Amino acid sequence: MLYAPPIARLVEELSKLPGIGQKTAQRLTFHLLKVPQEEARALAEAIVEAREKVAFCARCFNFAQGELCEFCANPRRDPSLVCVVERPQDIVAVERTGEFRGLYHVLGGAISPIDGIGPEDLKVRELLERVRKDGVSEVIMATNPRVEGEATAAYLAGLLKPLGVKVTRIASGIPVGGDLEYADEITLGRALKGRLEL
Amino acid sequence: MIEEVYLKDFRNYEEAGFRFSKGLNAIIGDNGLGKTNLLEALFFLLQGKTMRGSEPKELVRWGTEKAQLGIKVSGGAAVEKRIEICEEGRKEKGKLGGIRAVFFKPDDIWMIKGGPESRRKYLDEAVVEIKRGFRVTLREYHRVLRQRNEAIRAVKRGSGDIGLVRSWNPLLARWGRMVVEERAEGLKELEKEMDATTGRWGVGKLEARLYSSMGDFFGEEDKLIRKIERMESAEIGRGMTLIGPHRDEVIFNLGGRSARRDCSQGEQKLIAMVWKMALAETIARNTREKVILLMDDCLSELDRRNRLLVLRELEKWEQVFVTHAEDLEELKGFNKIFLGRENRG
């Protein structure tokens, strides 16, 4: 054992986080051991509070503090428009545009056969259910513009169109192989050239 | 042009420095004295990678900790660059701008002799250099292909959903068509340069034709998607995607004869060299950068007439490096660098 057990435990827990390797986990641990007691406690409490108070919206699977998320609970949002995204953080990106007044649906990822992720691992059944029951008139596919997101959009379009709902895909300017979060214009030309009708 | 290069503990070199001149530099020396290693050092300094795909530690002379390379380049103001290579990676000091290298190695003959896969590899490596964005196109296509193949295999195993395979079809069509289109455009640019060279040599026209299962669908994505759909049952039977640029073939013909089947070893080597020179010309034209040709062992296996053809072509370049095991009469008048035992580590 290199460290005293409480230190080793903290290093181990931190190294489970995405993007944090063994070395970074050690650095964070030593940092946390040096900061004032209150600061460390505040971090621990913030983690516990976030986990306890934030759950998933029963309708759209965004993060929510109650049964419904802030969008689903807002009567001024248009429930006939549903924007489908892969992850809750993609909602933040769409909201930043200020262009969208409808509701969201968070799939929880994208179809990826090589990673063994199929429709049954995503909130696909729930989306179909919403479209059938909630009077949805248009579903906007805002999955990530990488190939998995495109295939997911195409797959969902195939399931949704027979239900008589309009299915659209966000268009030009979307970066290739990137995340919606980090949208840039460099590949705009390519995105235009390769635009796809659903 | 490259004025000077310095090597320390790089491959077989203990410590050595070389000065080069404009035009053709002939590096002459017996086997095992480090001719290829010297060209590799130049390539590494200019391109930031080795043409052999070696691990950093292979570049460090056996028994030492780190290799050091230094280069001085002129053309406008003189610029210097130094690289230190050790097992963990490398450190660079200085930056070279506006100068690049294209490498020819005797193995490049496999672009003619080898299977379709090796020709696709050579074509793709070339197109990546001359068409911006092709690297991304290729990467996306291969990702689609892997995903779709996996979806097909799941259906073949009986655990998949055919709808999942179909959802990849528009992507296969879009990226596949883009790969084919960009390959065809790149090939056309190269062909122009190859024509110029073979025309001067009077060896007959060198044709490079791309045959693609997605070749006839430019601008007709819907038609292509329908063709993909018709392949479905065959694809599930074979457990793989049967249409797309991963099955393209490039056919080389020299003066109407199949380069692969009917050309001699020497002719095949000439064709591979013409290809590399065309690539260098195209890069130089598209980027307006100076391109240095590094021609490793390019004269062996050629008869005197063909050696002269190659040398006449190479001497037009601003700077070229040619290696050969022996001094040749044809090399008279060029700057000669003789490698001796003293360089050997």
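Can you give me the C-alpha center-to-center distance between segment B:109-125 and segment A:32-66, rounded to a whole angstrom? Cα centres, segment B:109-125 to segment A:32-66: 55 Å. Shielding value for B:144-152 is 4, the average number of Cβ atoms from other chains within 10 Å of each residue's Cβ. Checking an interface number: how much accessible area is buried between A and B, summed over both chains, with a 1.4 Å probe, in Å² rounded to 100? Adding both sides of the contact gives about 1900 Å². Applying a DSSP loop filter and a limit of 13 other Cβ atoms within 10 Å to the chymotrypsin sites (Phe, Trp or Tyr not before Pro) in segment B:170-252 leaves B:218.
The largest accessible area among B:223, B:332, B:72, B:91 belongs to the first residue in B:332, B:91, B:223, B:72, and the rest follow in falling order (1.4 Å probe, all chains).
Summing charges over all other residues whose Cβ lies under 10 Å from the Cβ of residue A:115, with Lys and Arg as +1 and Asp and Glu as -1, gives -3. Taking the centroid of alpha carbons for each part, segment B:1-53 and segment A:86-109 are 55 Å apart. Excluding ligands, DNA and RNA, the accessible surface per residue across segment A:66-169 is 44 Å² with a 1.4 Å probe. The share of accessible area on segment A:5-53 that comes from carbon and sulfur is 59 percent, using a 1.4 angstrom probe. Per-residue surface analysis assigns residue B:191 an accessible area of about 40 Å², computed on protein heavy atoms at 1.4 Å probe radius. Here the 3J(HN,Hα) profile of segment A:96-102, calculated from phi with Karplus coefficients 6.51, -1.76 and 1.60 at θ = phi - 60°, is 4, 6, x, 9, 10, 10, x Hz, Gly and Pro shown as x. Between residue B:156 and residue B:125, full extension at 0.36 nm per residue minus the direct alpha carbon distance yields a gain of 7.8 nm.
Which shape class applies to chain B: rounded if a/c is under 1.5, otherwise prolate when a/b exceeds b/c and oblate if not, where a ≥ b ≥ c are the square roots of the Cα gyration tensor eigenvalues? It is prolate, given that a/c is not under 1.5 and a/b is the larger ratio. Starting from the Cα of residue B:57, draw a straight line to each of the aspartates and glutamates and keep only those under 13 Å, dropping any in the same chain fewer than 8 residues away. Straight-distance partners of residue B:57: B:9, B:65, B:84, B:87, B:88.
Given R₀ = 41 Å, what would the calculated FRET efficiency be for residue B:14 paired with residue A:2, taking r from the Cβ atoms and rounding to 0.05?
It comes to 0.50.
Set against the 2.2 N^0.38 Å expectation for a compact globular protein, segment A:66-169 has a Cα radius of gyration ratio of 1.02.
Between residue B:93 and residue B:312, residue separation times 0.36 nm minus the direct Cα-Cα distance comes to 75.2 nm.
Taking the inverse of the mean reciprocal distance over all distinct Cα pairs, the Kirkwood hydrodynamic radius of segment A:5-53 comes to 11.4 Å. Using the 1.4 Å probe convention, the accessible area of segment B:94-218 works out to 42 Å² per residue with neighbouring protein chains retained. Would you work out if segment A:122-172 is rounded, prolate or oblate? Take a ≥ b ≥ c from the square roots of the eigenvalues of the alpha-carbon gyration tensor; rounded if a/c is under 1.5, else prolate when a/b is larger than b/c, oblate otherwise. Since a/c reaches 1.5 and a/b is larger than b/c, the shape of segment A:122-172 is classed as prolate. Neighbours of residue A:69 by Cβ distance under 11 Å: Lys/Arg scored +1, Asp/Glu scored -1, total 0.
In chain B, the calculated helix contribution to ellipticity at 222 nm averages -14000 deg cm²/dmol per residue, counting -39,500 (n - 2.57) for every DSSP H run with n ≥ 4. The helix-based estimate of mean residue ellipticity at 222 nm for chain A, built from -39,500 (n - 2.57) per DSSP H run of four or more residues and divided by its residue count, is -12500 deg cm²/dmol to the nearest 500.
As a fraction of the 1.4 Å probe accessible area of segment A:66-169, surface on carbon and sulfur atoms comes out at 49 percent. At a probe radius of 1.4 angstrom, the accessible area of segment A:5-53 per residue rounds to 83 square angstrom.
Between beta-carbons, use under 11 Å as the cut-off and find the net charge around residue B:239, counting Lys and Arg +1, Asp and Glu -1. Net charge in that neighbourhood comes out at +2. Quick check on segment B:22-68: take the gyration tensor over C-alpha atoms, sort the square-rooted eigenvalues as a ≥ b ≥ c, and tell me if it's rounded (a/c under 1.5), prolate or oblate. In terms of gyration-tensor shape, oblate. Model label sites at residue B:262 and residue B:195, defined 7 Å from Cα along the beta-carbon direction, differ in position by 2.1 nm. Close amide-amide hydrogen proximity is noted between residue A:56 and A:64, each under 5 Å apart and 5 or more residues distant or on a separate chain (H modeled in the peptide plane; Pro and chain starts excluded). Ligands, DNA and RNA left out, the accessible area of chain B computed with a 1.4 Å probe is 46% carbon and sulfur.
Which whole-angstrom value gives the distance between the alpha carbon centres of segment B:216-290 and segment B:143-164? That distance is 26 Å.
The values are calculated or read from the model by the stated rules, or taken from the named source; none is laboratory data. Since we're looking at a predicted model, the values are computed, not measured. Positions of Cβ are backbone-derived with ideal geometry, glycine not excepted, and every protein chain shown enters the neighbour counts. The area values use the complete protein model at the heavy-atom level, side chains included, leaving out ligands, DNA and RNA. Shrake-Rupley method; radii C 1.70, N 1.55, O 1.52, S 1.80 Å.
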